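Written below as structure tokens is the structure these notes are about.
The values are calculated or read from the model by the stated rules, or taken from the named source; none is laboratory data. Remember, predicted model here, so these are calculated numbers, not experimental data. Heads up, the Cβs are rebuilt from the backbone with ideal geometry, glycines too, and the neighbour counts pull from every protein chain shown. The accessibility values were calculated without ligands, DNA or RNA, using every heavy atom of the protein model including side chains. Shrake-Rupley method; radii C 1.70, N 1.55, O 1.52, S 1.80 Å.
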Amino acid sequence: MIEEILPAEAVAEESFAVPSQQSASAGLGTFPGDPRGLYPEEAAVVARAVPKRQQEFAAVRACARRALGRLGLPPVPLLPNRRGAPQWPDGVVGSMTHCDGFQAAVVARADTLASVGIDAEPNGPLPEGVLRVIALPSERAAVQRLAAERPGVHWDRLLFSAKESVFKTWYPLTGQELDFEEAELEIDPEARSFSARLLVPGPVVGGVRLGGFTGRWAAGDGFVLTAIALPAPARGPRPADGPRVSESAASRA
């Protein structure tokens, strides 16, 4: 389901199992000492967490390791940084998401995608009062209109999910926080896409400062999913394709 809204460069794995149904035998390999399939350093991260949190932590990493395997990479510990974002192997970008009954991870080579962000949420209304916290006035008006026209999707929850995907794309590029009100989103119900206009200076990628991101969304099986896949900058011309520089000139550069 998540792969439908991602480009071919991204490799995704997902599971609809509840966390208690996940096990170390689900394509994880062998991790001595932890039946959930966690490396010791990963297990230490959630040692004091409630069982549900531990199961979700393990289940989404099962997806991530399967995705890394499809890139031809060996399984490795995937530890969160201070913000909780997973730290990927060198040369890899990725994103994880989980909610009750769904886990997914996506990875890609860093020379094909500069950053990627995914999010999954139950297709149900946001708790009372949350929309006012996470949405700008223009976004609240759009959600109200879409809810009246297309009631099959909980658009407030979709907006929340899209903003989560925006943050997950933004953070690896900047290392900085991004508040909900610092990006204005517009959802296209026909194209199943969305655009995010950054209201603060955007990250610089390939020498270009970005003004926003575009993404895609899907709804089905009781969930709403959003994804942003930011292409890596195009590689410059090979030396043979450009002007030749003499060794003496190069030494002065």
### Query
Inside the stretch 184-231, can you point out the residues that are of a type in the set (Asp, Glu) and either open to solvent by less than 30 Å² (accessible area, probe 1.4 Å) or over 26 Å from PRO137 (Cβ atoms) (or both)?
ASP221
### Message
Which of the strands (runs of 3 or more DSSP E) found entirely inside the stretch 149-236 contain at least 1 residues meeting this: without any contact (Cβ under 8 Å) to a residue 24 or more places away in the chain?
### Response
183-188, 193-198, 212-220
### Message
I want to confirm something. Restricting to the stretch 3-27 and keeping residues that are surrounded by 20 or more Cβ atoms within 10 Å (Cβ to Cβ) and modelled with pLDDT under 65, which single residue is nearest to the chain's Cα centre (by Cα)?
### Response
PRO19
### Query
Can we say PHE213 is aromatic (Phe, Trp, Tyr) and out of contact with any helix residue (DSSP H, G or I) (no Cβ under 8 Å at 6 or more places or on another chain)?
no
### Message
Checking the structure you have, find out if any residue of the stretch 164-175 is closer than 17 Å to ASN123 by Cβ and open to solvent by less than 40 Å² (accessible area, probe 1.4 Å).
### Response
yes
#### Entry: the stretch 55-77 residues that are among the polar types (S, T, N, Q), paired with ones that are in a loop (DSSP other than H, G, I, E, B) and surrounded by 22 or more Cβ atoms within 10 Å (Cβ to Cβ) (beta carbon under 7 Å, 6 or more apart)
GLN55/GLN22
### Task
Test each condition in (1) exposed (fewer than 15 other Cβ atoms within 10 Å of the Cβ); (2) within 13 Å of the chain's Cα centre (by Cα) for THR97 and report the one that comes out false.
(1)
### Task
List the number of the failed condition for GLY84; all other conditions in (1) open to solvent by 40 Å² or more (accessible area, probe 1.4 Å); (2) of a type in the set (Gly, Ala, Ser); (3) touching a His at 6+ places or on another chain (Cβ under 9 Å) hold.
(3)
#### Entry: Residues that are touching a strand residue (DSSP E or B) at 6+ places or on another chain (Cβ under 6 Å) and of a type in the set (Lys, Arg), drawn from the stretch 167-223
LYS168, ARG192, ARG197, ARG216
### Query
List the pairs whose first member sits in the stretch 1-12 and is farther than 15 Å from GLN103 by Cα, whose second member is surrounded by fewer than 16 Cβ atoms within 10 Å (Cβ to Cβ), and whose Cβ atoms are under 7 Å apart, counting only residues at least 6 apart or on separate chains?
GLU9/THR112
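Residue by residue, here is whether (1) at pLDDT below 95; (2) assigned to a strand (DSSP E or B); (3) open to solvent by less than 20 Å² (accessible area, probe 1.4 Å) holds:
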site: ALA47; (1), (2), (3): yes, no, no
site: ALA67; (1), (2), (3): no, no, yes
site: PRO75; (1), (2), (3): yes, no, no
site: ALA104; (1), (2), (3): no, yes, yes
site: GLU121; (1), (2), (3): no, yes, no
#### Entry: Residue under evaluation GLU139, criteria (1) in contact (Cβ under 8 Å) with a residue 24 or more places away in the chain; (2) open to solvent by 30 Å² or more (accessible area, probe 1.4 Å), criterion not met
(2)
